[in-house]
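In what follows, a structure is listed as structure tokens, so that the remarks can point back to it.
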Amino acid sequence: MKNRCKRSGDPVRCAVVGLGGFGAERRRTLRESGAFEMVGGVDLVDEIFERAAQEEGGGFRRYATVSEAAGDVEAVFICTPAHLHIEQAWDVVREGRAVFVEKPLAHDLEEARRLVEYCEENRIAHGHGFTLRALPHWQFVRKLVRDGFCGLVVSVSATSMHSGGLAHAMDNWRFVPGRNPGGPLFQCGIHKIDLLRWIFGEGNWIAARGRSDLTASETEDSFVLLGEFGSVPCTLHCHYVTGYHHGLSIYGTEGNLYLTEYPVSLQWQKRSCTSGVETPVDLTVPIPEKSAVNESLREFARAVRERRQPVPNGRDGLAALELVVSAAGLAEGGPITGELLEVN
């Protein structure tokens with residue numbers, strides 16, 4: 001990379017690997033943060049690159065490889081399918097450049113651990129794409145819990161269900177065990193695992209049940225997990241084969257919070273020992289509109305210049321990945337009904 005001014009207030013020169021899909025969303029947030037100068041990207045599909053170049057304006061450069069991009073910028077954002085993350089991230093950090101990897105961190109736990117340790121030992125900033133933390137409704141719920149709004153939290157139930165995965169062909173990476181350890185838990189449920197850690201504290205699984213008999217896929221179709229996060233008993237229901245539902249139910253001595261995403265709905269059910277049935281109150285409107293996504297990206301930009309680990313970082317991605325792998329190992333799969341759903 002040519003010698004350029006790198007004052008703390010200057011935008012960080014960056015490139016994006018994987019310009020379509022979520023890569024397009026990441027590019028939008030990078031523009032809005034004001035902390036980055038996107039100078040180019042890597043994508044194998046001509047149409048996707050051309051569309052990105054039009055959106056980013058003149059001068060957006062197409063790099064042939066991840067290593068070439070890393071050699072020309074200060075940071076690289078990895079927005080490709082999960083089974084490509086680890087190899088591409090290594091291509092970046094071996095050039096001594098900062099890396100930001102979207103979730104999940106990698107399909108190989110040991111390689112992910114090596115990557116995180118390498119970045120920490122060499123003071124290479126390693127950001128991670130747990131963007132849900134930064135969304136207004138999750139920020140609001142975490143504050144309510146931390147402020148004792150629910151009283152003592154007795155238990156928690158999280159859901160991550162998305163049948164849209166069934167629309168993919170069976171040779172898609174989502175259905176290949178070596179590329180997707182843990183099926184829906186690896187791709188979608190890992191977000192809820194991170195949120196459980198972020199809101200309640202470090203955790204572990206006590207029991208797990210997996211099902212792999214619902215489709216012909218070699219990966220798991222569903223999980224039901226029982227764990228403990230920060231001493232709070234938690235369940236996680238994670239499915240590829242049921243209707244779209246993402247949410248969190250928090251049961252406390254002062255009342256219960258019910259958060260559902262897409263669209264966002266937050267309900268509060270205050271405990272009453274005399275009223276019989278407590279009527280939920282809608283708390284959706286009081287949720288602050290301001291997102292912390294931009295500030296999270298600005299935090300990563302500062303970490304790039306200061307050669308430190310941002311928040312969240314690769315260590316957070318590794319902790320969540322470890323919980324995915326341990327859950328998959330603990331779960332007892334096998335046929336229950338024997339009736340398979342049709343998959344494209």
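The values are calculated or read from the model by the stated rules, or taken from the named source; none is laboratory data. Small disclaimer: the values here were computed from a predicted structure and weren't measured. Please note: Cβ atoms are built from the backbone with ideal geometry, for glycine as well, and neighbour counts cover all protein chains shown. Quick note on the areas: whole protein, heavy atoms, side chains included, nothing else; ligands and nucleic acids left out. Shrake-Rupley method; radii C 1.70, N 1.55, O 1.52, S 1.80 Å.
Can R51 be described as assigned to a helix (DSSP H, G or I) and touching a strand residue (DSSP E or B) at 6+ places or on another chain (Cβ under 7 Å)?
So R51 does not fit the description; no.
Check N256 against each of (1) within 20 Å of the chain's Cα centre (by Cα); (2) under 16 Å from L144 (Cα atoms) and name the one condition it does not meet.
(1)
For residues in region 102-115 being not aliphatic (A, V, I, L, M) and not in a strand (DSSP E or B), which is farthest from G41 (Cα to Cα)?
Taking the candidates together, the pick is E110.
Just for region 61-86: of the residues that are under 9 Å from A15 (Cβ atoms) and β-branched (V, I, T), which one is surrounded by the most Cβ atoms within 10 Å (Cβ to Cβ)?
The extreme case among them is V76.
Does R271 meet the test of being over 18 Å from D147 (Cβ atoms) and open to solvent by 30 Å² or more (accessible area, probe 1.4 Å)?
No.
Results for (1) touching a helix residue (DSSP H, G or I) at 6+ places or on another chain (Cβ under 9 Å); (2) among the aliphatic types (A, V, I, L, M), shown as yes or no for each residue.
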| residue | (1), (2) |
| --- | --- |
| E50 | no, no |
| Y63 | yes, no |
| V66 | yes, yes |
| C79 | yes, no |
| H107 | yes, no |
| Y118 | yes, no |
| E121 | no, no |
| L132 | yes, yes |
| H137 | no, no |
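Would a scan of region 128-137 turn up a residue that is assigned to a helix (DSSP H, G or I), without any contact (Cβ under 8 Å) to a residue 12 or more places away in the chain, under 30 Å from A303 (Cα atoms) and not aliphatic (A, V, I, L, M)?
no
Only residues that are in contact with a strand residue (DSSP E or B) (Cβ under 9 Å, 6 or more places away or on another chain), over 23 Å from L323 (Cα atoms), of a type outside the set (D, E, K, R) and at pLDDT 95 or above: list them for region 54-87, please.
F60, Y63, A64, T65, V66, A69, A70, V73, A75, V76, F77
Does region 211-236 hold any residues that are surrounded by fewer than 22 Cβ atoms within 10 Å (Cβ to Cβ) and among the small types (G, A, S), and which are they?
Answer for region 211-236, where residues must be surrounded by fewer than 22 Cβ atoms within 10 Å (Cβ to Cβ) and among the small types (G, A, S): S212, A216, G230, S231.
Look through G58, G18, G41 and report the one residue that is over 26 Å from F175 (Cβ atoms) and open to solvent by less than 60 Å² (accessible area, probe 1.4 Å).
Sole residue among the options that is over 26 Å from F175 (Cβ atoms) and open to solvent by less than 60 Å² (accessible area, probe 1.4 Å): G41.
Out of (1) open to solvent by 70 Å² or more (accessible area, probe 1.4 Å); (2) part of a loop (DSSP other than H, G, I, E, B); (3) closer than 30 Å to N172 by Cα; (4) not hydrophobic (A, V, I, L, M, F, W, C), the odd one out for R28 is which?
(2)
Which one of R133, R179 is open to solvent by 20 Å² or more (accessible area, probe 1.4 Å), basic (K, R) and either out of contact with any Asp or Glu (no Cβ under 9 Å at 6 or more places or on another chain) or over 17 Å from I250 (Cα atoms) (or both)?
Exactly one residue qualifies, and that residue is R179.
So which residues in region 147-165 are surrounded by fewer than 19 Cβ atoms within 10 Å (Cβ to Cβ) and either farther than 29 Å from V232 by Cβ or under 22 Å from the mean Cα position of the chain (by Cα) (or both), if there are any at all?
S157, S163, G164 - these are the residues of region 147-165 that are surrounded by fewer than 19 Cβ atoms within 10 Å (Cβ to Cβ) and either farther than 29 Å from V232 by Cβ or under 22 Å from the mean Cα position of the chain (by Cα) (or both).
A quick yes/no check of all residues on (1) in contact with a Gly (Cβ under 7 Å, 6 or more places away or on another chain); (2) more than 20 Å from R308 (Cα to Cα); (3) among the β-branched types (V, I, T); (4) not in a helix (DSSP H, G or I):
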position: G58; (1), (2), (3), (4): no, yes, no, yes
position: Q88; (1), (2), (3), (4): no, yes, no, no
position: F100; (1), (2), (3), (4): yes, no, no, yes
position: E117; (1), (2), (3), (4): no, no, no, no
